[in-house]
Each structure stands twice: as C-alpha cells, then as structure tokens.
Amino acid sequence: MEMQDKDIYILGIESSCDDTSAAVLRNDVLLSNVTASQSVHEAYGGVVPELASRAHQQNIVPVVDQALKQAGVEREQLSAIAFTRGPGLMGSLLVGVSFAKGMARSLGIPLIDVNHLQGHLMAHFIKEEGAEANNPPLPFLCLLVSGGNSQIVKVNAYNDMEVLGQTIDDAAGEAIDKCSKVMGLGYPGGPIIDKLARKGNPEAFKFSEPHIPGLDYSFSGLKTSFLYSLRKWIETDPDFIEHHKEDLAASLEKTIVDILMKKLHRAAKETKIKHVAVAGGVSANTGLRNAFSDYARRYGWNIYIPKFGYTTDNAAMIGITGYYKYLDKDFCSIDKPAFSKVTFK
C-alpha cells in the first residue's frame with residue numbers, strides 16, 4: 001500500500017436501499033456524514049423499490065452538497081469518489097452509481113467502487129477528529145448482521161475477507177422485521193422490538209432454533225415457529241399480542257441473539273481468534289450488544305462495536321473503504337455496472 005505526501009479527500013456515496021448518504025473524508029478522518037432517510041415506506045411495512053429510487057433522485061444532490069459544505073471542502077479538492085456498487089436494490093444503486101460516475105467524469109478524478117458488505121466491515125476503521133481510534137487488529141472476526149445479510153467474516157486485510165458462514169435463507173434483520181409485522185407493530189421492526197424487549201421477560205416464550213451444520217445460519221424456521229405459536233395463542237386469547245408484546249419481543253430477540261452468538265463463538269474457537277467485531281444495522285440492537293459484552297467476559301474476547309451512526313447504511317463506511325482502495329490505486333472504470341447480488345467480489 002503506497003503512502004501519499006498530500007492529503008487525500010474522498011467523497012463517499014451510499015444508495016443501496018432506502019438511505020441516501022454522502023460523506024467526506026480527509027485521509028482516514030471523517031469530516032462529514034449526511035444521510036437522508038425515507039419515511040415513505042412505513043405505510044407499506046417494507047421498502048418499496050420504485051419509491052426508494054425516486055426518493056434517491058430527489059435526495060442525492062442536496063445530500064452531497066450538504067456533505068461538502070459541512071466538511072468545508074470544495075468539489076475541486078476531491079481526490080476521488082467512492083460509491084456503493086452493490087449489493088442492494090438495483091433502482092436505488094443506479095441513482096448513486098450514475099451520480100458518482102457523472103461527478104467523477106466532470107471533475108476528472110478517479111472512481112472507486114465499493115462492496116456494500118465490505119463497507120460495513122470497514123466501518124471499524126473510520127476515525128473522527130479528536131477521538132481515540134479503537135481499530136480491531138488484523139485478522140479479526142466480524143459478525144455482519146443487517147436486514148439483508150447475516151454472515152461471519154474473517155477479515156485478514158481490507159481487501160482480503162473470508163466468509164466463514166452465512167444465512168441460507170432469511171437474514172436476522174429480515175426475521176425481526178417480519179415478526180414485527182406479524183405482531184402489527186410497524187416497520188422497521190428492529191428499533192420497535194429492541195425498545196419493547198427492554199421491558200419484557202426473555203424466558204417467557206420458547207421458539208424453535210434451527211440445527212444447521214457448520215457456521216451457516218437459518219432464520220426462516222424461527223419465523224414460521226413464531227407465526228404458528230402466535231396463531232395458537234390468539235385462538236384462546238384474541239388480545240394475546242397486546243397483553244404479551246414486551247415478553248414476545250424479548251423472547252424473540254433472545255432466540256435470534258442466541259442463534260447468532262453460538263455460531264460466532266464456534267467460529268472464534270475454530271479460528272482461535274480473540275478479536276471479535278460486529279457490524280451492520282442489527283448491531284445497534286441492545287440485546288446483541290449486551291451478549292457481545294457477556295461473551296467477551298466469559299471467553300476473553302476483545303470486542304469492537306461501532307458507534308450507532310456507523311451501524312446502519314452510511315457513506316462514511318463507503319468513504320473509508322474508498323480511502324484504502326485509493327492508496328492501492330484500485331480504481332474503477334466508468335463502464336462497470338451496479339450489481340444486486342450478495343457477493344464479496
């Protein structure tokens with residue numbers, strides 16, 4: 001990796017789902033991170049791709065403008081533009097990809113394509129001015145949990161990541177959202193379940209845990225078990241959900257956290273790695289964060305949990321990945337298309 005004499009300014013752009021985000025970094029230090037969220041999807045109980053891409057088109061220019069202003073950086077100072085190329089919703093990705101390509105070409109600066117999942121893992125390397133850095137040393141294990149992905153990844157270097165296990169069906173965040181929807185609690189389900197779970201008894205109800213070989217995950221069976229159990233209980237008490245929503249949320253959260261942590265513990269044992277991190281939207285969950293601290297005490301792990309602002313989709317994580325790729329001159333040609341499929345390459 002080649003070091004540079006002068007400061008590098010990276011503009012990061014993230015538009016993989018329903019958040020339009022732009023960030024500016026000076027080297028590996030974050031100067032601004034602006035995100036416009038879309039509330040339009042709440043009425044539908046999930047992200048509507050067509051509405052998401054339209055909202056991105058409205059948000060992308062003001063969000064980038066705001067990020068540059070907050071950072072105190074002129075467009076002409078930018079060294080490169082990093083953007084999320086995939087995976088994600090194709091319509092949403094195309095807005096960010098097209099904007100990044102147009103702006104990079106107009107400024108005559110390089111383009112850097114970033115894998116969204118790699119960005120989540122690299123969120124641990126974002127530095128803030130005046131704040132002490134707590135980067136995990138390489139190699140480290142990372143549990144990546146979000147609405148679309150559940151993976152255990154061994155991070156050997158920023159550009160060398162090995163997926164040890166991943167979901168064979170639904171992701172953890174997806175299961176939480178769907179169970180929240182079944183309970184009539186609204187979307188997104190993660191923050192709602194988290195809040196209710198703090199007041200409930202995690203041992204109140206038992207739901208089936210899948211028996212999947214190796215380090216892979218499965219959450220579709222849990223979702224089915226939750227749905228059938230609810231149906232049975234509602235037959236005897238039509239207001240069952242209202243009477244037990246805190247306990248249901250706490251029990252569901254505990255089951256999901258147990259499934260995630262058991263496989264992660266197994267991966268740590270097999271690889272003999274004691275530096276363990278978490279990333280992705282579900283890493284904002286209080287129950288998962290508490291379990292991480294508990295496992296650290298029990299098994300002597302050194303744990304790394306990102307700030308709340310870097311758990312959900314954000315451009316800071318795209319920018320920091322872009323910075324490391326810039327040092328290696330790992331640029332992207334303008335003809336590279338967006339991709340929707342979950343992959344690391």
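The values are calculated or read from the model by the stated rules, or taken from the named source; none is laboratory data. Not measured: the values here are computed from a predicted model. Neighbour counts run over all protein chains shown; Cβ positions are idealised from the backbone, glycine included. We work out accessible area using only protein heavy atoms, side chains counted, and drop any ligands, DNA or RNA first. Shrake-Rupley method; radii C 1.70, N 1.55, O 1.52, S 1.80 Å.
Per-structure values
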quantity: Count - residues of the stretch 3-31 that are surrounded by fewer than 24 Cβ atoms within 10 Å (Cβ to Cβ) and modelled with pLDDT under 95; calculated: 5
quantity: Residues of the stretch 174-183 that turn out to be assigned to a helix (DSSP H, G or I) and under 12 Å from Leu252 (Cα atoms), as a count; calculated: 6
quantity: Residues of the stretch 135-152 classified as under 19 Å from Gly190 (Cβ atoms) and not hydrophobic (A, V, I, L, M, F, W, C), total; calculated: 6
quantity: Selection within the stretch 167-190 - surrounded by fewer than 19 Cβ atoms within 10 Å (Cβ to Cβ), free of Cβ contacts under 8 Å to residues at least 60 places away in the same chain and out of contact with any strand residue (DSSP E or B) (no Cβ under 8 Å at 6 or more places or on another chain); calculated: Asp169, Val182, Gly184
quantity: Counted residues, the stretch 152-171 - those being in contact with a helix residue (DSSP H, G or I) (Cβ under 7 Å, 6 or more places away or on another chain) and within 20 Å of Ala268 (Cα to Cα); calculated: 8
quantity: Candidates Glu128, Glu76 - the one that is at pLDDT 95 or above, more than 17 Å from the chain's Cα centre (by Cα) and among the acidic types (Asp, Glu); calculated: Glu76
quantity: Candidate set: the stretch 111-134, residues that are part of a loop (DSSP other than H, G, I, E, B) and within 26 Å of Gln77 (Cβ to Cβ); chosen: the one least open to solvent (accessible area, probe 1.4 Å); calculated: Ile126
quantity: Leading residue by the ranking (surrounded by the most Cβ atoms within 10 Å (Cβ to Cβ)) among those in the stretch 262-285 that are at pLDDT 95 or above, not in a strand (DSSP E or B) and not charged (D, E, K, R); calculated: Leu264
quantity: Selection count where residues are modelled with pLDDT of 95 or more and in a helix (DSSP H, G or I), scope the stretch 299-311; calculated: 1
quantity: Pairs with Cβ under 9 Å, 6+ apart, first in the stretch 314-329 and closer than 22 Å to Cys17 by Cβ, second basic (Lys, Arg) and open to solvent by less than 20 Å² (accessible area, probe 1.4 Å); calculated: none
quantity: All positions within the stretch 199-225 that are more than 20 Å from Asp247 (Cα to Cα) and loosely packed, with under 13 Cβ neighbours inside 10 Å; calculated: His211, Pro213, Gly214
quantity: Tally, over the stretch 52-110, of residues that are acidic (Asp, Glu) and crowded, with 21+ Cβ neighbours inside 10 Å; calculated: 0
quantity: Selected residue [surrounded by 18 or more Cβ atoms within 10 Å (Cβ to Cβ), assigned to a helix (DSSP H, G or I), of a type in the set (A, V, I, L, M) and more than 15 Å from the chain's Cα centre (by Cα)] from Ala296, Ala249; calculated: Ala249
quantity: When residues of the stretch 184-235 are limited to those that are among the hydroxyl-bearing types (Ser, Thr, Tyr) and assigned to a loop (DSSP other than H, G, I, E, B), the one farthest from Arg266 (Cα to Cα); calculated: Tyr187
quantity: Whichever residue in the stretch 147-166 is in a loop (DSSP other than H, G, I, E, B) and surrounded by 17 or more Cβ atoms within 10 Å (Cβ to Cβ) and, among such residues, is modelled with the lowest pLDDT; calculated: Gly147
quantity: In the stretch 308-329, the residues that are within 12 Å of the chain's Cα centre (by Cα) and surrounded by fewer than 14 Cβ atoms within 10 Å (Cβ to Cβ); calculated: Phe308
